[in-house]
Amino acid sequence: MVQQVDNMMVGSVGTIPLAAASFANSVFIMGMVLGMGFTLGLTPLVGHAYGAGKHKESASLLYNSAITNTIIGLILIVVMYSVSFFMDQMGQPDDVARLAIKYYRILVFSMIPFMFFFTLKQFAEGIGNTVNAMVITLTANLVNVAVNYVLIFGKFGFPALGLTGAGIGTLIARISMAIMFVVVYIYRKQFRIYLTEALRSKLNLKTIFRLINVGWPISTQILLEVCAFTFGAIMIGWLGAVPLAAHQIGIGMASITFMIVTGIGSGTTIRVSHQYSVKNHDGLSKAAYASIHLVIAFMSFTALLFIIFRNQLPHLYTNDPAVIAVASQLLIMAAAFQIFDGLQVVMLGILRGLADVKYAMVVAFISYIIISLPLSYLFGFVFKFGAVGVWVGLVASLMIASLLFLQRFIRLYNRLFGN
């Protein structure tokens, strides 16, 4: 939502800043999800330890993951900042690339607080607490809106910085998220006992390797998915600023629904990991299928909303009629992949709860790289369907991935519990 608020507020400034935000966010999110993926490996491991009553092991996981993820964050900052020197060579319009680079470089420095927040968040989810992360992220969104208003439009004596102001707002919001979670860990008894024990822990290479062994396949799987969407955005940028701005609107709306089902997926990881740790196959099955039913129902509803309000929703971002016309078409495509997108998210949550993460990485490579990218180029440029054609590849990849993940769970469940 932080990025979507940036897009909505920047969109009122003009089409070029909105296109620049789309380009920058598409590149930035590759590094962001790579780091986030490593932190996600913490949740199932903590869930298994917590479910088995191994509290010292949980605290050791917290300490070692905090050290590991901070180092990963520093490495990502160096790599991601280096990428900015090549962004003007990715085929984007010059005015779009120039704005995007400034915004992107500010976002890069938000990686350390982002990684620290996610480490604390994923540990909290592992012990079954999701409320604090929700309150903190909602508060951070309000911080982002307030800082954006002041710096984008130049209020209260501050200069109007446009897209650069949105980048500063995002950086401040992410720093506040990390600080707020530290305060929660210090003052909430549920977390303080783990924090106290974690501070007594020592670096343990075996624990670090366990975290990396689970985290890197998750990170790679997410990265491969994001690569498909990032390269899709770059392809659309070859068509000009208007299709790129429209793409940002379509992907922005889809991202909102995606993050809601990600919440269901995270809850599923927690429930499945807890039930798996005590070999409760009935509870595991109920948690898994309840999540599938929830996601199918919700995403069917949002698909209908995208179709019905496809001409109205783009007005949240821009008043440019050319951008709105293309965005309305892309919202139909977004509606087409809603159920598949939701299904693949919740199936990944189930598989992560079982600590089965390497299969998903292979499926992601096949679906998002081998299938999605060639189809996007074929329909977008060879068949000349433009931005809509590029989205054909995205729809196909999500459909294939979701069905393969579902098939994997059914086979794994039968193997584990002999049904």
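The table for this structure:
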quantity: Residues of segment 269-305 satisfying the condition of being free of Cβ contacts under 8 Å to residues at least 60 places away in the same chain and touching an Asp or Glu at 6+ places or on another chain (Cβ under 8 Å); calculated: M299
quantity: Subset of segment 194-216 (residues that are open to solvent by less than 20 Å² (accessible area, probe 1.4 Å), of a type outside the set (F, W, Y) and modelled with pLDDT of 90 or more); calculated: A198, T207, L211
quantity: Among residues of segment 371-404, those that are part of a loop (DSSP other than H, G, I, E, B) and of a type outside the set (A, V, I, L, M, F, W, C), counted; calculated: 1
quantity: Subset of segment 158-193 (residues that are polar (S, T, N, Q) and open to solvent by 10 Å² or more (accessible area, probe 1.4 Å)); calculated: T164, S176, Q190
quantity: Cross-chain or 6+ apart pairs with Cβ under 7 Å, segment 170-198 first and part of a helix (DSSP H, G or I), then open to solvent by less than 70 Å² (accessible area, probe 1.4 Å) and of a type in the set (D, E); calculated: T170/D6
quantity: Qualifying residues in segment 237-284 (those that are open to solvent by 40 Å² or more (accessible area, probe 1.4 Å) and assigned to a loop (DSSP other than H, G, I, E, B)) - the one farthest from A49 (Cα to Cα); calculated: L239
quantity: Some residue of segment 32-45 being of a type in the set (G, A, S) and either over 18 Å from the mean Cα position of the chain (by Cα) or open to solvent by 60 Å² or more (accessible area, probe 1.4 Å) (or both); calculated: no
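The values are calculated or read from the model by the stated rules, or taken from the named source; none is laboratory data. Everything numeric in this text was worked out from a predicted model, so none of it was measured. Methodologically, a virtual Cβ is constructed for each residue, glycine included, from the backbone with ideal geometry; neighbour enumeration extends over all protein chains shown. We work out accessible area using only protein heavy atoms, side chains counted, and drop any ligands, DNA or RNA first. Shrake-Rupley method; radii C 1.70, N 1.55, O 1.52, S 1.80 Å.
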